[in-house]
Structure formats: structure tokens, C-alpha cells
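All remarks here apply to the structure that follows.
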Amino acid sequence: MDALILARMQFAANITFHILFPTISIGLGWLLLFFRLRWLKARHGPDQAIAQGWLDAYRFWTKVFALSFALGVVSGITMSFQFGTNWPGFMEHAGNIAGPLLGFEVLTAFFLEAGFLGVMLFGHGKVSERVHLMATFFVAFGTTLSAFWILALNSWMQTPAGHEIVDGVYHVKSWVDVIFNPSFPYRFTHMVLASALTCAFLIAGLSAWQLLRGVGQRSAPRVLRVGLTLAALLIPLQIFVGDQHGLNTLEHQPAKIAAMEGVWETERGAPLLLFAIPDKELRKNHFEIAIPKLASLILTHAADGEIKGMNSFGDAHPPPLPLFFAFRIMVGMGVLMLATSWLGWWCYRRAEWQPAGLPRALLWLFAAMTFAGWIATVAGWYVTEIGRQPFIVYGLLRTAEVASKQPPAMIGLTLALYITLYIALILAYVTVLKYMAEKPEEVLADDARDQAALPVSALGSPAASTGGAA
């Protein structure tokens, strides 16, 4: 393989691993705030078992958040290194836009969440309830703000606006137009909802696993209800946002739509391909299974709507094979998540929110769907990033123009090391989550000992706060 393909594979490996953990931390931060508020409301009520259940949920899932946050930080560092090692031309051309946006993310978002994370992890009982609640809010807000800046940059690369080009270098004319570019509102909303759905299935899946193992009885039933309710409510909203995002993509990136749908020739009333194998060399599809006119109806909201084919873009269209299947994996997983959440919520409600009334097969289904959000999110990111090819700044700057001249063997070696390390870390992360889910009492006991051992004065130093994140 040449250096360009290897560099793209290395970036894909890094972003695939990295996106897993911000996807959890963005949504989980707000769920922690919800658990905290429910505990504050219930602690003065007549049933202290309910209050203790919400507190157990908060303390347990704070540990999961800390673990996810730490891995997100580690994997994010390697992402920034790649801009200099594999894509130096990108910063040479677009550094005036990318650099400040990445800097804004660190200064306004990462420092905010990292600083307050120490108080959130170790401050319960050592600061007032109001201060601790505020720390939880700022951690949740910081994760979302981080997504805001990263999605602003990524969206600008997809639908560039608010800039001028002088001697091949991009200069900002309007930061408002750069940040709020044409695809940003759809992309940001889509990602935040994806994060919330990922967390909904994560908490539902681990809670179901706890119920199957007969542990976590105080918190698992309540957390399972929260996860199923959140998923059942948000998936229809995500479908609507995805439809609007598709209309925006059809307007600004028609070549991406053509590759997603396997459309080679411009046509009206294009069929929806349920299955096909796009052939880039022969420029046609094999083994098509299609529903007439449905692609045009979905994408243009008109049965005879026109969809431009890949042949009308020459070589300026993305590779259709990975894009075609990544899109169908994302949609297929979304449909499965919709069916699972609605079925689960209906059955749980009929059982009057008592886990004993749920069939064990349904609990096993929830457990099997624990990481369904990861699959859908990664497939969606592949659609986004592969669909931008052959450009790194869509329509303006080609990926091949900004790649480094490193020897392919060097890039291949670091790619192999990255993949080996990432597989090990993923396995370790899932193993630790399984251990925590099966032994929640030990996790909560360790948390109580940490709270008791940490001196109050430690909460006052910035080093202690950031150390908690590490």
C-alpha cells in the first residue's frame, strides 16, 4: 500500500477508537446530573431505599464516566499528533481555521470538565451539595462544549464557509460563518443524540446484566427504566434529525449521497437498494435488491425526485463500497435499537417497572445491545469521513495534496502498533466494565473509602482536580 492509503487507515483506526469514549462521556455527564437531582429530591422522602438507589446509581456511573473520560483523553492526544505526522499539509493550508477551533476546545471545554471532574469524583461529603451539583453540571456542560468545537471544525471541513483563500492558505472572514456552517446544526444535533442513545443502551445493558447476575438491586431497576425510556423517546427524534441531515447532505454533498445509495447514473425515481455490491471498476452494482422510487422519496420527499449519479462527478466521488455498507449498518442498527427500546419499555411498563416481571430472554437482549450505540456511531462516522473523499476540505482541498511524505513502512509500523494497543485497551475497558457491573458493592465500597481518605484541602488545588481526571 502507498503512504496515502496507510495514513488514511491510521487516521481511521485512531478516530474509530477515540470516538467510542467521548460518545459515552457526552451523554453520561447529563445522566449523572439527572441521577444526582433524583437523589437530592428523594433523600428527604419517606422511602430511603429509593434515595439510596439513586445515590448508588450516581456513584457507580461516576466511576464509569471517569474510566471513559481517561481513555478519551489518551486517545485524543494521538489524534492531535497525526495532524503533524501524517497530514502536515492540512495545517499549512487550513491551520488558521483548524488551530483556533482545536484551541477553543481545549481552553473552554477540556479545562472546564477536567477541572471540575476532581470535585465530582472526590468531593461528595467534603463540599456542599450545591457545589457538588454545580461540579457535576459543569462536567456535563464541558463534554458537550467539547463536542461543539470539534463538530464545528469537522462540519467546516464538510461544508466550508466564512473563509477566503490567499496563496493557497485559508483565512477567516467570519468566525460565525465558519462555526455555524451549513451542516453544523444537523451534524452537532445528530452527534449529541447519538451520544445520548449510546449511553441509554449502555446503562440499560449493564443494568440488565446486573439483574441477570442478581446484583445491584437498589439501582439497577431504576437505571434500566431510565435507559429504556431515554432510548424510546430519542430514537424517533434521531430519525427525524437524520432525515433533515440527509436533505442537507443532498444539497451540499450530492456525491456522498450518490455513493451511499449506490446510484451511478443521474435519475429520477431512484430505487432504494436494500442490498448491492457496488463495483468501482465497472461502475455498476452487482446483486441488487431494490424497492422502486423509494430512495428518491426518502431523500427528496418526492417519488420522482432527482438524484445525481456518481458518473456525473468524474473521479470526485467517494469510494462507494465502504460507504454503501457503512450507511446500511448505521440504519440497520438504528432500526434494531428502536424495536428493542420500544418492546423493552412496553414490557417493563406492563410489569409495573418490576424486573421480576420481565422475561429473562428480554434481559439477555438488553445485555446483548449494551454497545449497540458504538456500532451505529462508528458506522455513522465512517459515512461522514469516507463520504468526504477524495477531499479533506470538501470541494476545495484534496486529501492527497496534504499527506506527508513519510515512508510507507514507517506508517505501516505505527499503524500496526496503534491497532494492537487499541484492541488491548478496548478489551481491558470492556473487562473492567463487566467486573464493575458484577461487583457493584465492591465498587461502591472502594468509592466510600476514597471519599473518606481524601483530605478536604486536596480539593482546593488545581493539581488535585486534574489528577482525578488522570
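Quick note: the coordinates plus some simple rules give every number you see, no bench work behind them. Quick caveat, the model's predicted, so the values are computed rather than measured. Cβ atoms come from the backbone with ideal geometry, glycine included; neighbour counts cover every protein chain shown.
Each label was represented as a point 7 Å from its Cα along the Cα-to-Cβ direction; for LEU233 and ARG213 these points are 2.9 nm apart. Label sites at ALA49 and ARG350, each approximated as a point 7 angstrom past Cα along Cα to Cβ, lie 2.6 nm apart.
Could you state the number of Å between the C-alpha centres of segment 98-133 and segment 401-417? Cα centroid to Cα centroid, the span is 36 Å.
In the chain, with Lys and Arg counted as +1 and Asp and Glu as -1 at Cβ, which of these residues, GLY95, ALA316, ALA57, has the Cα nearest the positive end of the dipole, that is, farthest along it? So the residue furthest toward the plus end is ALA57. For a 19 Å ceiling on Cα separation, which of these pairs sit above it: LYS280/LYS405; LYS41/LYS63; LYS41/LYS439; LYS284/LYS308? Too far apart for the 19 Å limit: LYS280/LYS405; LYS41/LYS63; LYS41/LYS439. Projecting the Cα positions of PHE69, HIS245, THR229 onto the charge dipole of the chain (unit charges on Cβ atoms of Lys, Arg, Asp and Glu, taken about the Cα centre) puts THR229 furthest along the positive direction. Amide hydrogen proximity for LEU272: with H placed 1.01 Å from N in the peptide plane, the residues at 5 or more positions away or on another chain lying under 5 Å are ILE291, LYS293, LEU294, ALA295. Packing, taken as the mean count of other beta carbons within 10 Å per residue, orders the peptides 219-231, 6-18 from highest to lowest as 219-231, 6-18. Rounded to the nearest 20 debye, the dipole magnitude of the chain is 1320 debye, with +1 charges on Lys and Arg beta carbons, -1 on Asp and Glu beta carbons, and the Cα centre as origin.
Exposure proxy ranking for LYS256, LYS308, based on other Cβ atoms within 10 angstrom of each Cβ and starting from the fewest, stands as LYS308, LYS256. Using a ≥ b ≥ c from the Cα gyration tensor of segment 249-306 (square roots of the eigenvalues), is it rounded, prolate or oblate, where a/c under 1.5 gives rounded and otherwise the larger of a/b and b/c decides, a/b for prolate? Since a/c reaches 1.5 but b/c is at least a/b, the shape of segment 249-306 is classed as oblate.
Value of Rg to Rh for segment 3-469, rounded to two decimals, is 0.99; Kirkwood radius and Rg both from alpha-carbon coordinates.
Each Lys or Arg adds one and each Asp or Glu subtracts one; over the other residues with Cβ under 11 Å from the Cβ of LEU40, this totals +4. Positive-end ranking of GLY142, MET120, PHE184 along the dipole of segment 3-469, with charges on Cβ about the Cα centre, is headed by MET120. Along the chain, counting only GluC sites (Glu not before Pro) with a DSSP assignment other than H, G, I, E or B and at most 10 other Cβ atoms inside a 10 Å radius, the longest segment between sites is 1-280.
Loop-located trypsin sites (Lys or Arg not before Pro) in segment 30-118 (DSSP state not H, G, I, E or B) with no more than 15 neighbouring Cβ atoms inside 10 Å: ARG43.
In loop segments of segment 284-334 as defined by DSSP, there are no chymotrypsin sites (Phe, Trp or Tyr not before Pro) with at most 12 further C-beta atoms inside 10 Å of their C-beta. Averaging the Cα positions of each part gives two centres, and for segment 233-262 and segment 172-218 these lie 18 Å apart. Post the alpha-carbon centroid distance, segment 135-160 to segment 17-80, in whole angstrom. The two parts, judged by their Cα centres, are 19 Å apart.
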